[in-house]
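Asker: Sharing a structure, written as structure tokens. Questions coming.
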Amino acid sequence: MSWMPDNDPVLGDPASCDALSLVIVPRTRDLGDGFLVRRALPHGKRQMVGPFIFFDHFGPVQFIAGKGMDVRPHPHIGLATVTYLFDGRIRHRDSEGNVQDIEPGAMNLMTAGRGIAHSERTPDVERRDGQNMLGLQSWIALPQGAEQIAPSFQHYAAANLPTYSDRGISARLIAGRGFGLQSPVAMLSPWFYAEVSLAAGVSAPLDPDHEERAIYLVEGEVEIAQERFEAPRLLIFRPGDRITVRAVLPTRMMFLGGDALEGPRYIWWNFVSSSKERIEQAKQDWKTGRFAAVPDETEFIPLPE
């Protein structure tokens, strides 16, 4: 998926909870055929949470038979993409030759490093029959020393990710540490990402171990320090405080964050870097065809002018 500067998501509900640093109501856009995207990061008041620099919530959308998602090949540098689905399937293809159908609950981490191109499309069977789709895509900015590493792709099926379940709490650890679990996903800096579901009236802790932390509410409503928040919201917390989240309604959310990077990043279209010059070079590389092609793809998204 792609990003270009636009109006920032609107600052959310005022909150008296001292532990809250910022509440973001994602901006909603219709990309066509009822395909909704809600963008929480980047934001004018907060570029990153840990290394998370981009956060999109897409769907729910119903694709009728014969229709589907078609994100043509486009480039990335200096980041890793995490595509996580609750419903539907997406076929990932990239210029390293990786082809992977992304399914609900699986972890799919594409590390762009010095440069990669990829496409995201509805697989043939789901396009023929139609499908529901709901999911998230995040970008993880790479530490400065790893921005130019070789591109790579990791895939872990839902069954291979650690899970936790206890009295109305269920969680899947996608990356990092949490709930006493360790994800097998290899990372270049310390960060964490977990899907957490709570039954109404049930509480869960957000550990203070991580330097920067947030909760993204996908569905439902929660109470934190006697303040209520409805989905969709990105709740960003101050460091160090112990947080307890209680579900007012059955709630699905993402716990996310990690260590802050060593400095801010420049972001333009699909490029993230600590160097403006590197982004200018990536622009020229895509415009002049110096990125490797995605096998079995003939289309591409031109550089925005």
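The values are calculated or read from the model by the stated rules, or taken from the named source; none is laboratory data. Since the structure is predicted, the reported quantities are computational estimates derived from the model, not experimental observations. In this analysis, Cβ positions are derived from the backbone assuming ideal geometry, glycine residues included, and neighbour counts consider all displayed protein chains. Keep in mind that these areas ignore ligands, DNA and RNA; they rest on the heavy atoms of the full protein, side chains included. Shrake-Rupley method; radii C 1.70, N 1.55, O 1.52, S 1.80 Å.
Asker: Can you list the HN-Hα couplings for the stretch 91-103, worked out from phi with the Karplus curve (6.51, -1.76, 1.60; θ = phi - 60°), rounded to whole Hz and with x for Gly and Pro?
Answerer: Listing the rounded values in order: 9, 9, 10, 9, 6, 8, x, 6, 10, 8, 7, 8, 10 Hz.
Asker: Related question: Return the carbon/sulfur percentage of the accessible area of the chain, one whole number, probe 1.4 Å, all protein chains in place. Numbers along the way, then the final one.
Answerer: Values: 6080 of 12840 Å².
Answer for the chain is 47 percent, counting heavy atoms of protein chains only.
Asker: Could I ask something else about it? In sequence order, what are the phi-derived ³J(HN,Hα) couplings for the stretch 115-124 according to the Karplus relation 6.51 cos²θ - 1.76 cosθ + 1.60 with θ = phi - 60°, rounded to whole Hz, with x for glycine and proline?
Answerer: Going residue by residue, I get x, 8, 10, 8, 10, 9, 9, 6, x, 4 Hz, with x marking Gly and Pro.
Asker: Taking the convex hull of the alpha carbon atoms in the stretch 186-305, what volume per residue do you get, in Å³?
Answerer: Working: hull volume 21.2 nm³, N = 120.
Taking the convex hull of the Cα positions in the stretch 186-305, it is 177 Å³ per residue.
Asker: Rounded, prolate or oblate, given the Cα gyration tensor of the stretch 18-288, with a/c below 1.5 counting as rounded? It would help to have the intermediate numbers written out before the result.
Answerer: Values: a/c = 1.62, a/b = 1.20, b/c = 1.35.
Oblate.
Asker: With each pseudo-label sitting 7 Å past Cα toward Cβ, what's the Ile149-Asp207 distance in nm, one decimal?
Answerer: 2.1
Asker: List the residues of the stretch 219-252 whose backbone N lies under 13 Å from a point placed 7 Å from the Cα of Ala200 along the Cα-to-Cβ direction.
Answerer: Of the residues in the stretch 219-252, 220-222, 247-251 have backbone N under 13 Å from the label point off Ala200.
Asker: Another question, then. Taking a 1.4 Å probe, which of Lys283, Lys45, Lys276, Lys67 shows the most accessible area, and what order do the others take after it?
Answerer: Working: Lys283 35, Lys45 140, Lys276 120, Lys67 95 Å².
Descending order: Lys45, Lys276, Lys67, Lys283.
Asker: What do you get for Rg/Rh over the stretch 90-208 if you use C-alpha atoms and the Kirkwood form of Rh? Show your work: numbers first, answer last.
Answerer: Values: Rg = 16.3 Å, Rh = 16.2 Å.
Across the stretch 90-208, the Cα-based Rg/Rh ratio is 1.01.
Asker: Using 0.36 nm per residue of separation minus the Cα-Cα distance, give me the extension gain between Arg27 and Asp70 in nm, one decimal.
Answerer: 13.3 nm
Asker: Right, here's the next one. Reachable aspartates and glutamates from Lys283, Cα under 14 Å, same-chain residues fewer than 8 places away excluded?
Answerer: Glu305
Asker: What ranking, highest mean first, results for peptides 17-25, 69-77 when packing means the other Cβ atoms within 10 Å averaged over each residue?
Answerer: Details: 17-25: 18.3, 69-77: 20.2.
Ranking the peptides 17-25, 69-77 by packing returns 69-77, 17-25.
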